[in-house]
1. Among the candidates V166, V237, which residue alone is surrounded by 14 or more Cβ atoms within 10 Å (Cβ to Cβ), of a type outside the set (D, E, K, R) and assigned to a strand (DSSP E or B)?
2. Report yes if some residue within the stretch 142-162 is under 26 Å from Y266 (Cβ atoms), hydroxyl-bearing (S, T, Y) and at pLDDT 95 or above; otherwise report no.
3. Of the numbered conditions (1) touching a residue at least 12 places away in the same chain (Cβ under 8 Å); (2) farther than 13 Å from E238 by Cβ, P315 satisfies every one except a single condition; which is it?
4. Mind listing just one residue for me: the one in the stretch 128-141 that is more than 17 Å from the chain's Cα centre (by Cα) and closer than 18 Å to D91 by Cβ and, of those, modelled with the lowest pLDDT?
5. Can you find, within the stretch 169-194, the residue that is least open to solvent (accessible area, probe 1.4 Å) among those that are part of a strand (DSSP E or B), out of contact with any helix residue (DSSP H, G or I) (no Cβ under 7 Å at 6 or more places or on another chain) and not acidic (D, E)?
6. Looking at this structure, is A218 closer than 28 Å to C144 by Cβ, modelled with pLDDT under 95, open to solvent by 30 Å² or more (accessible area, probe 1.4 Å) and of a type in the set (G, A, S)?
7. Kindly provide the set of residues from the stretch 294-322 that are under 16 Å from T227 (Cα atoms) and charged (D, E, K, R), ordered by number.
8. Are any of the residues in the stretch 185-200 modelled with pLDDT under 95 and either at positive phi or out of contact with any His (no Cβ under 7 Å at 6 or more places or on another chain) (or both)?
Amino acid sequence: MKEFTIGPNDAGQRLDRFLAKAVPLLPASLAQKYIRLKRIKRNGARAQRDDRLLAGDVLQLYINDEFFDVPTADNAYLTVAVPRLTVVYEDENLLLVDKQPGIPVHPHDGAEPGRTLIDHILAYLYQKREWRPREEASFTPALCNRIDRNTGGIVIAAKTAEALRVMNQKIKDRELDKRYLAVVEGTPRPASGALKGFLFKDAVQNRVYVTDAPQRGAKTCETRYRTLESRNGLSLVECELVTGRTHQIRAQFAHAGHPLLGDGKYGRADRRQKYQALYSYRLTFRFTTDAGSLDYLNGRSFAVADVPFVAEFFPDCPALRQKS
């Protein structure tokens, strides 16, 4: 329990607004819950969220110590009262989540604390009491792969240090088969094949460029694709990354004359699609070497239940029905 004595500068404030300032890690919804449960009291008595505080009032807060810590990127998960996650698969080692477009995966993607995918994952595991950082010196769950803010799809989170080590090595050795769905403008010719070229990154503009001939500083890039359906000037394609370069699918299809629908950076904005129509929709574990504690996953495949732009532009796609 901690106490706050209200001084002249805080007099006249509503209780809930004072709490937001004094205990910034405490979510507003959780503060209201604690007020209702009388875990937050004013002068030893029941309080209300809209109480106007007076100089000399004493607030008693019977809440967990971690909420009184100084806010940092490492404890931003505490500000998440209700984690928003779509879980594709979960066991004691791994968590696969379907990241929605528009959600950044990490704070360094320019997101506010508490608004990233990793914050919601940590909050989810913390509230399930699977991860208790203050009670034991435990491993902090971490992401094994990243997806661009405006791209959706499966992200892998490791719950243990061993799972993180194994997954990172399997990703490096390309023992995971990740498939993407994309909606592109026009109809690719041929209907299936591989886009090959050379890609170099402009870090200042945060974009990449693709050329047909090698250039200094450029890296090879290759994307295999097959067209699943075409209609109304758009095509739904399934993509497999042979190389894993920044913005590879987006830049290569734009270079081929078929930019992704809604891709304002490499194509053009489109009011029908808020974000680029790109989704990492299927993940298959194809281990060719020993996976240790994760070997039970070998051969298993996981897919997201719903890709919004597919339902909108290509409902009942025959090729996808066959895979489901």
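The values are calculated or read from the model by the stated rules, or taken from the named source; none is laboratory data. Every value quoted in this text rests on a predicted model; they were computed, and no experiment measured them. As a convention, Cβ positions derive from the backbone with ideal geometry for all residues, glycine included, and neighbour counts pool all protein chains shown. In case anyone asks, the SASA skips ligands and DNA or RNA and just uses the protein heavy atoms, side chains included. Shrake-Rupley method; radii C 1.70, N 1.55, O 1.52, S 1.80 Å.
1. Only one candidate passes the filter, namely V237.
2. Yes.
3. (1)
4. Initially, the stretch 128-141 is screened for residues more than 17 Å from the chain's Cα centre (by Cα), giving 128-139.
From what is left, the residues that are closer than 18 Å to D91 by Cβ are 128-131, 138-139.
Details: K128: 93, R129: 91, E130: 91, W131: 92, S138: 77, F139: 90.
Among residues in the stretch 128-141 that are more than 17 Å from the chain's Cα centre (by Cα) and closer than 18 Å to D91 by Cβ, the one modelled with the lowest pLDDT is S138.
5. Per the criteria, the residue is G193.
6. No; evaluated as a whole, the condition is false for this residue.
7. Of the stretch 294-322, the ones under 16 Å from T227 (Cα atoms) are 309-310, 313-322.
Correct list: D316, R321.
8. yes
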